[in-house]
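So the structure is just underneath, and the comments pick up after that.
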Amino acid sequence: MRSVSLSLIILVAFFNSRAGIVRGTVTDTKGTILPFASVFIKETTIGVTANNLGKYELDLEPGDYTLVCQYVGYARQEKKIKVGPGQAGAVVADFHLSIQQLSMKEFVVRPGGEDPAYAIIRHAIKKRKDYQSPLDSFTCEAYIKTTVQLRKLPEKIFGQKIDSSDKKEMGLDSTGKGILFLSESFTKVSFKKPEKLKLEVISGRESGSNGYGFDFPTFINFYNNNVVVFGPALNARGFVSPIADGALNYYRYKYLGSFFEDGKEVNKIKVIPRRKYEPLFSGIINITEDDWRIHSLDLILVKTAQLEILDTLHINQIMVPVAKNVWQTKNQTIFMTLKLFGVDVAGNVLDVYNKYDIKPKFPKNYFNRTVIKYDTAINKKTTRYWDSLRPVQLEPAEVKDYAVKDSIFHYNRDSSQTKHYRDSLQRREGKITYNNLYLTGITYKHYGPKRVTVYRIEPPLSGDYNTVEGWALKEGASVSTPVFKNKELLSVGSNFRYGFNNRHFNSWASVGLSRNNSPSQDNPYGLAYEHRSFELSGGKRIEQFNNDNPISPAINAFYTLFFKENYEKIYENYFGQAEYSNRMENGLDLRVNALFEDRLPLNNTTDYSYFSYKYRKFTANYPVERIDSQFTRHRAFLTGVDLQYQPGQRFIEFPNHKVSIGSKYPILEFFYQHGWKNVFNSITDFDKWSFSVSDNLNLKLKGLLRYRLTIGGFITARDVPIQDYQHFNGNQTFFESQYLNSFQLAPYYANSTTASLYSTGHLEYHLNGFLTNKIPLFRRLSWWLEGGSNVFYVNANNNYVEVFGGLENVFKIFRVDFVASYLDGQKGQVGFRLGFGGLLQGTVQRR
């Protein structure tokens, strides 16, 4: 009996002391939903955000509270509530906000005088640096929810029909509408001056997967002169803040009036870009009177603001005081839209910042090279955990998306070892298509009980043409499979090549072992910084004299057949090679190589081309600019080491691996190679070295500067075959070669050297829309200026300089340059080059 009474007492105490629920809906006075409104306890940063349907829910301990509801453009509203102990139901507190009623100050504006907004903005600009980073240190908790929805999907994309199974796999309904991506996370943010930042991702979930979600708070600081949103992809130059130091040169302002909040006057100012095709915002910014800080803002970017990829990007921010004279972001919502090829996508990223601590105590060495650290149990939280902590109520569509996609994911994961499931995956491998045969090759996956084995065949109907082999048939195949409990990846490859004109058959094979970075339960994205690999290869093959391959076989075939120019110079070799590479966690990248070659000369066997040129003949198949006759067969045994290091690298630390996110310092690289005399009858006897420095410098509004500087030479050069000279990557075709590693108008071999010292320099300046936004046609097309120079110097009789300039981002992919060069200080040449350069260039792979 006593135990029953004790249990009743405990239950009564529990229900009387537990937190009460406060919920409600936020609308305007006409009942229109106000999505993502901020609801918080007055004079604190504790609060939540309404969802897209205007609904919110807040858990509070028993007591009396004043709730504050805030929405940009509407008058702030307060409600007093009481949460009682043991309360039977939720406290309902609906908010009906009225449009902000503005009062106009009395200003004396003379004819031709400026709008009163300009004086307010000047004050804000003067105070900008004070508010840019007002706290010496702080911590806070950030909740991030990202939703991407498909609003329209065409029947076909690029001629490829989208059937019902594709829609079902993407989680869409029969009309092609639905949520494409949904994630949420909690992240602890820690900051200490001058620039120490650490993000600890406590929990994260992604609908339909074991992924971590979009976990990084999108810090958009309008006190910075240059505002970056989602990195450089949306605009490599960044965007000009409405209160930047030079903002008056970019914006016009209009005073709309003021309102009072907690006894403080807030000025509402309309922000208007002075010109189109500048990286500028438009919309509303609210500035407090006297202390001139940002109270809140509602700004938008569109295509005419040099917004790339997206059609619109809408930013809404609400700031709140976290200490005396210190305001920080409470809510931030980013809305995005994109229409492309008939696909209509809309998304939003909501950041809610809570639990600010402005006097944190950090342990020793807390701030280190790990900038972002994931908790080991990040994606193992229960639904109850999320329901108890999230500050934004899920919408019905989001609840359904989690329920449906997560159940499918767990079913597939749990049944992944069943034969029925593996057979279903096997059936998806599809049929061989025209693209497989000619362009992409054939990839086939075999789903076994313990591992997935991947078979790969290069495009079977691909070939080549040159003056040595005539038409050549080439083929390659590989197989890779996880081994050693799926921790390593074993790869075996084979290749063959047959020249129809010289009737030579070449074949070679390779076997390699590397760390397996395939997606897994512990590594859902297949990412890792640390990487090791070891490979053995051997056989008989064809190589260019310059093993950097300065001209691609496809371009050489084009010039050979159409213009009777055979720039590619090749030789055969029997070879054996061992390579080891190790990218270590400390940022050092090590590559070691040992190579044996038995080198055989090859001569031209055909002079066929599609067109005859009276005064043009094919040149011999060796570097005629550098040697007088074909080389004699010989053997070479070479070893080399390549070290690359970037000081100050920072990392993202996942539960089981790290990923580098770069450094503000340049990349340093050292290379050394030795030719071993009489080892395996090798004739080589030399020591060659080089040291280079390279970096990308972000000049923000003025663009991007890239450079690569190299010095090197031969310490000894007693016996150096032509293949082992120091070659400078030339280019004599219309198609560009890699700018930071080549010379666009230089001959391929004329300047090859065994000198004890040489130097090269490559410089590129990408304006990324700077200046061209002043030219009507170019700014409408979003074509960008770029320019630079490439030089090498050996001695007074062996040197080269070229300068170039042109346009890139042509159709988002292409780049066109005009190049002028001087060889050995006397021979001038000009030409055009076409290549890849623009926002989408990374998606195009040259073969």
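The values are calculated or read from the model by the stated rules, or taken from the named source; none is laboratory data. Given the structure is predicted, the values throughout are model-derived calculations rather than measurements. Note that each Cβ is placed from the backbone with ideal geometry, even for glycine, and that neighbours are counted across all protein chains shown. The area values use the complete protein model at the heavy-atom level, side chains included, leaving out ligands, DNA and RNA. Shrake-Rupley method; radii C 1.70, N 1.55, O 1.52, S 1.80 Å.
Length available on full extension from Lys161 to Ile33: 0.36 nm per residue minus the Cα-Cα distance, which gives 42.3 nm.
Given the C-alpha centroids of the stretch 328-366 and the stretch 703-777, what is the distance between them in whole angstrom? Measuring centre to centre over Cα atoms gives 42 Å.
Would you mind classifying the stretch 343-396 by shape? Square roots of the alpha carbon gyration tensor eigenvalues, ordered a ≥ b ≥ c; an a/c under 1.5 is rounded, otherwise it is prolate if a/b is larger than b/c and oblate if not. Prolate. Evaluated with a Cβ-only charge set (Lys, Arg +1; Asp, Glu -1), the stretch 606-722 carries a dipole of roughly 440 debye about its Cα centre, given to the nearest 20.
Structural descriptor for the stretch 163-266: relative contact order 14 percent, calculated from alpha carbon pairs under 8 angstrom and at least 6 residues apart. Net charge dipole, the stretch 235-374: roughly 440 debye, given to the nearest 20, about the Cα centre with Cβ charges of +1 for Lys and Arg and -1 for Asp and Glu. With θ taken as phi - 60° and the Karplus curve 6.51 cos²θ - 1.76 cosθ + 1.60 applied, the whole-hertz 3J(HN,Hα) list for the stretch 213-227 is x, 8, 9, 9, x, 8, 6, 10, 9, 7, 7, 6, 4, 10, 9 Hz, x standing for glycine and proline.
Under the rule a/c < 1.5 gives rounded, and otherwise a/b versus b/c splits prolate from oblate, where does the stretch 108-255 land using the Cα gyration tensor?
Working: a/c = 3.36, a/b = 1.59, b/c = 2.11.
It comes out oblate by the Cα gyration axes.
Peptides 113-123, 349-359 ranked from most to least packed give 349-359, 113-123, packing being the mean of other C-beta atoms within 10 angstrom over each peptide's residues. Using 0.36 nm per residue and subtracting the Cα-Cα separation, the extra length available between Asn249 and Asp311 on full extension is 19.8 nm. When you work out D = kT/(6 pi eta Rh) for the stretch 531-604 at 25 °C and 0.890 mPa s, using the Kirkwood radius from C-alpha pairs as Rh and the Stokes-Einstein form, the result is 166 µm²/s.
Here's how it looks for Glu261: its modeled amide H is under 5 Å from those of Val266, which are all 5 or more places away or on a different chain. Here the Karplus curve 6.51 cos²θ - 1.76 cosθ + 1.60, taken at θ = phi - 60°, turns the phi angles of the stretch 535-547 into couplings of 9, 10, 9, x, x, 10, 8, 10, 10, 7, 4, 9, 6 Hz, with x standing for Gly and Pro. Listed values for the stretch 749-766 are Karplus-derived 3J(HN,Hα) couplings in whole Hz (6.51 cos²θ - 1.76 cosθ + 1.60, θ = phi - 60°), namely 9, 4, 10, 4, 8, 10, 5, 6, 8, 9, 9, 9, x, 10, 9, 10, 10, 9, and x replaces Gly and Pro.
When the Cα atoms of the stretch 249-340 are enclosed in a convex hull and the volume is divided per residue, what value in Å³ results?
Numbers: hull volume 10.0 nm³, N = 92.
Per-residue hull volume (Cα only) is 109 Å³.
Spin-label pair Lys82-Tyr822: with each label point 7 Å from Cα along the Cα-Cβ axis, the two points sit 9.0 nm from one another.
Can you list which of the chymotrypsin sites (Phe, Trp or Tyr not before Pro) found in the stretch 136-225 are DSSP loop residues with at most 12 other C-beta atoms within 10 Å? Passing both the DSSP loop test and the Cβ count: Phe158.
Between the helical axis of 553-563 and the longest alpha-carbon principal axis of the chain there is an angle of about 60 degrees. Just the number, please: carbon plus sulfur as a percent of the accessible area of the chain, 1.4 Å probe, no ligands or DNA/RNA counted. It is 57 percent, rounded to a whole number. Within the chain, the ratio Rg/Rh, alpha carbon atoms throughout and Rh by Kirkwood, equals 1.02.
Kirkwood radius and radius of gyration were both taken over the C-alpha atoms of the stretch 448-607, and their ratio Rg/Rh is 1.05. Once divided by 2.2 N^0.38 Å, the Cα radius of gyration of the stretch 716-835 becomes 1.23. A 1.4 Å probe run over the chain, with the rest of the protein chains in place, finds 50 Å² accessible per residue. Between Leu757 and His410, the simple label model (points 7 Å from Cα in the Cβ direction) yields a spacing of 7.0 nm.
One chain, two ends: Ala323 and Phe563. Fully extended at 0.36 nm per residue, the span grows by 79.0 nm beyond their Cα-Cα distance.
Between helix 2-17 and the chain there is an angle of about 80 degrees, using the helix long axis and the longest principal axis of the Cα atoms.
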